[in-house]
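The values are calculated or read from the model by the stated rules, or taken from the named source; none is laboratory data. Just so we're clear, the structure is a prediction, and the values are computed from it rather than from any experiment. Note: ideal-geometry Cβ built from the backbone for every residue, glycine included; neighbour counts use all protein chains shown.
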Amino acid sequence: MKEIIIISSLLLGTITSCTTNTKENTTEVTVSTEQTQKTYTLKKFKSSCCVGIVKYSLDELDGFIMMKPNLEKSEITVWYDQNKSSEQEIINAINTTPYKVL
């Protein structure tokens with residue numbers, strides 16, 4: 001029987017551990033990620049449908065972790081793994097939507 005344990009956190013410098021135990025062998029993988037949080041102001045970002053459109057575009061990036069919208073301020077805060085995606089890739093993904101980074 002295989003047991004998989006995954007421990008993760010959204011803190012800067014997260015350590016993720018994955019252990020697989022079988023009768024034949026044991027494999028352990030430790031990955032260190034550099035997570036970054038950035039807040040962007042977006043043009044015309046005012047309703048909940050805007051959130052889904054931007055999230056859909058960001059989901060295409062390997063390094064995208066999550067986002068938190070603030071519609072009152074027309075802002076989103078984005079968390080991403082800087083080892084997998086650059087800030088410019090995040091901005092480019094947002095700018096493929098109608099809601100451009102100001």
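Taking interchain pairs and intrachain pairs at least six residues apart, which have beta carbon atoms under 9 angstrom, with the first residue in region 75-102 and basic (Lys, Arg) and the second in a loop (DSSP other than H, G, I, E, B)?
LYS84/THR33; LYS84/LEU61; LYS84/ASP62; LYS84/GLY63; LYS100/LYS43; LYS100/LYS44
Answer yes or no as to whether ILE91 is touching a Pro at 6+ places or on another chain (Cβ under 9 Å) and modelled with pLDDT of 95 or more.
It is false that ILE91 is touching a Pro at 6+ places or on another chain (Cβ under 9 Å) and modelled with pLDDT of 95 or more.
Which residue pairs have Cβ atoms closer than 9 Å, lie 6 or more positions apart in sequence or on different chains, and pair a first residue in region 43-58 that is on the phi > 0 side of the Ramachandran plot with a second residue that is aromatic (Phe, Trp, Tyr)?
LYS44/TYR99
Which of the residues that make up region 57-71 are closer than 16 Å to VAL101 by Cα and either touching an Asp or Glu at 6+ places or on another chain (Cβ under 8 Å) or surrounded by fewer than 16 Cβ atoms within 10 Å (Cβ to Cβ) (or both)?
LYS68, PRO69, ASN70, LEU71
Name the residues in region 74-90 that are over 11 Å from the mean Cα position of the chain (by Cα), under 12 Å from THR41 (Cβ atoms) and not in a loop (DSSP other than H, G, I, E, B), would you?
Of everything in region 74-90, those that are over 11 Å from the mean Cα position of the chain (by Cα), under 12 Å from THR41 (Cβ atoms) and not in a loop (DSSP other than H, G, I, E, B) turn out to be GLU75, ILE76.
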